[in-house]
Every structure is written in C-alpha cells, then in structure tokens.
1. On the basis of being open to solvent by 30 Å² or more (accessible area, probe 1.4 Å) and farther than 30 Å from Ala227 by Cβ, does Ala124 make the cut?
2. Looking at this structure, is Ala124 in a strand (DSSP E or B), over 19 Å from the mean Cα position of the chain (by Cα) and without any contact (Cβ under 8 Å) to a residue 24 or more places away in the chain?
3. When the residues of region 143-159 are narrowed to those that are open to solvent by 50 Å² or more (accessible area, probe 1.4 Å) and without any contact (Cβ under 8 Å) to a residue 60 or more places away in the chain, which ends up farthest from Ile80 (Cα to Cα)?
4. Applying the selection to region 164-192, what residues are in contact with an Asp or Glu (Cβ under 9 Å, 6 or more places away or on another chain) and closer than 28 Å to Asp133 by Cβ?
5. Tell me which residues, restricted to region 190-237, are in contact with a Ser or Thr (Cβ under 8 Å, 6 or more places away or on another chain), over 18 Å from Glu55 (Cβ atoms) and among the polar types (S, T, N, Q).
6. What residue, among those in region 100-121 that are open to solvent by less than 70 Å² (accessible area, probe 1.4 Å) and small (Gly, Ala, Ser), is farthest from the chain's Cα centre (by Cα)?
7. How many residues does region 205-221 hold that are open to solvent by 60 Å² or more (accessible area, probe 1.4 Å), modelled with pLDDT of 85 or more and within 21 Å of Leu81 (Cβ to Cβ)?
Amino acid sequence: MKKLFTLLLALTMLVSLAACGDKKGTGTTDAPEAEQTTAAPERTPAANVDPTGMEWGQADNGSYTGDFWYPENGDTSTCILFQKANSDYAPAGCSYIKIVNGEEAEDFPCATDADGNLIDADNAGKIKIAFLDDFTAYDYVADAWYSRGDMPALLAQLSGKSLVGEKYPEDSLQLKADGTTAELYDGESYTGTWTLASPTVVNITRNDSVLHFKIQYDETGKITGLAESSFSSYIFA
C-alpha cells in the first residue's frame, strides 16, 4: 500500500512538471503594435495656375520680406521674385529675379511653354516653373519647391479684422473670416468678397469689380493697413 501511494505521488509530480513545461513552451508575449503613421500626400508639380494672370507684387523696403518666394529646403540665403514687366520684353508679363545673400544674382524676362510652365524668354533652360497655386511653385530645373511668403501668418493678421478709413474715419471695412466683406465708403454700404492675391495685394470684389489693395507693412513686417488709392485706404481699427 505504501509503495502504491509512493508511485501515485511520483506520477502526479511528473504530470505537473510536464504541464509546466508545456506552458513555458507555448506561452508567447504579444509584441507591441507598430505605431501607424500617415504619410503626407505627395504634391504633383503640375501647372495649375497660369502665370500670365497672376498678381505679381513688389518687394517692400529692400528687406526681401514682401513678395518673395523662398525654397522649402530652408535655405534662407536664396529667394526669388517675379516682377511685373512689359509683355514686349517678357511674353509672360514678368521677369525672374534671383537674390543670393542679399545681392541680385540673375534677372531675365519670362515666357510660358505649351504646358503653362514659366520659362526664360530665350528658352535656354534656365527655369521651368509650375505654379500649383498663388503661393506654391516647383522649378523642374533646380528640382526645388518654393513657397511665397507666409500665407497662414498673413491670413491670421487679416482674417476677421476691422479697419477704418485712414483719411476718413467714417469709412470702414470688415474682412470677415468667411471671405466676405462689409464696407462703408462715402456714405454707401457695400458687400463683397476678399482674397489674398499675394503677400502684397488683397483683392476685394465689389459689385462685379475687383479692387487691388496694396498691403501696408511697418518696419517689423506687421500689417498696418490696406490702400487702393489715397481716397480709399484703411488702417486697423
């Protein structure tokens, strides 16, 4: 009887050890799931905007902070400007100016190719620039993306703001956040729409006519007002 009890105890221990062994052999530790990331959508450098119809601004006070295009690779030593030019000189209506370390490095007239890209007027392969919109461009020759000024910062300074007449305080202009305007000018009320055409120009559509208001900056780059003419200029209220 004692031998039988000892044998049963031994068998019980063997079964227990086997169970433990199986548990260790089959047990797994779930690896943490890899963090999923969403890749930024790739931009296609296709000419979506006709450069001959774009509003080209001018640089303000020589600081190159107005209507300049900066490479998106972060190289702040280089920027470019597209300056209005007579179509007899430049078929595209603008010239290309490249600034390197504050000095003008290139200046030549521009034309367009069959695909709507901006090229040098003599077609020597200096540039081939596609404008995706009024603030984004790609140069196939330099393989470089360019951004025009800082559109979000400009919109933040303008959107939802109220202005008053610079010479006639009874005049007023509201640039609403939804892109509409409310204006009181010379005793008459007007409604319309507004868009940021460039870092130096705001277009205001009123009664089927488009008025081009030049953005006025102070020496720090802060917007102080808009001016269409000496009789139609506004400053922040």
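The values are calculated or read from the model by the stated rules, or taken from the named source; none is laboratory data. Predicted model only: the values in this text are computed from it and were never measured. So basically every Cβ, Gly included, is an ideal-geometry build from the backbone, and we count neighbours across all protein chains shown. Side chains are part of the model used for accessible areas, which takes the heavy atoms of the whole protein and leaves out ligands, DNA and RNA. Shrake-Rupley method; radii C 1.70, N 1.55, O 1.52, S 1.80 Å.
1. Working: open to solvent by 30 Å² or more (accessible area, probe 1.4 Å): yes; farther than 30 Å from Ala227 by Cβ: yes.
Spelling it out, Ala124 is indeed open to solvent by 30 Å² or more (accessible area, probe 1.4 Å) and farther than 30 Å from Ala227 by Cβ.
2. On the way: in a strand (DSSP E or B): no; over 19 Å from the mean Cα position of the chain (by Cα): yes; without any contact (Cβ under 8 Å) to a residue 24 or more places away in the chain: yes.
So Ala124 fails the test.
3. Filtering first and then ranking leaves Ala156.
4. Those that are in contact with an Asp or Glu (Cβ under 9 Å, 6 or more places away or on another chain) and closer than 28 Å to Asp133 by Cβ: Leu173, Gln174, Glu183, Tyr190, Thr191, Gly192.
5. Hit for region 190-237 is Thr191, nothing else.
6. For region 100-121, the residue satisfying everything is Ala121.
7. Qualifying residue count, region 205-221: 2.
For (1) open to solvent by less than 80 Å² (accessible area, probe 1.4 Å); (2) modelled with pLDDT under 55; (3) not in a helix (DSSP H, G or I), each residue gets a yes or a no:
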| residue | (1), (2), (3) |
| --- | --- |
| Val15 | no, yes, no |
| Lys23 | no, yes, no |
| Glu42 | no, no, yes |
| Asn48 | no, no, yes |
| Tyr64 | yes, yes, yes |
| Ile80 | yes, no, yes |
| Tyr89 | no, no, yes |
| Tyr96 | yes, no, yes |
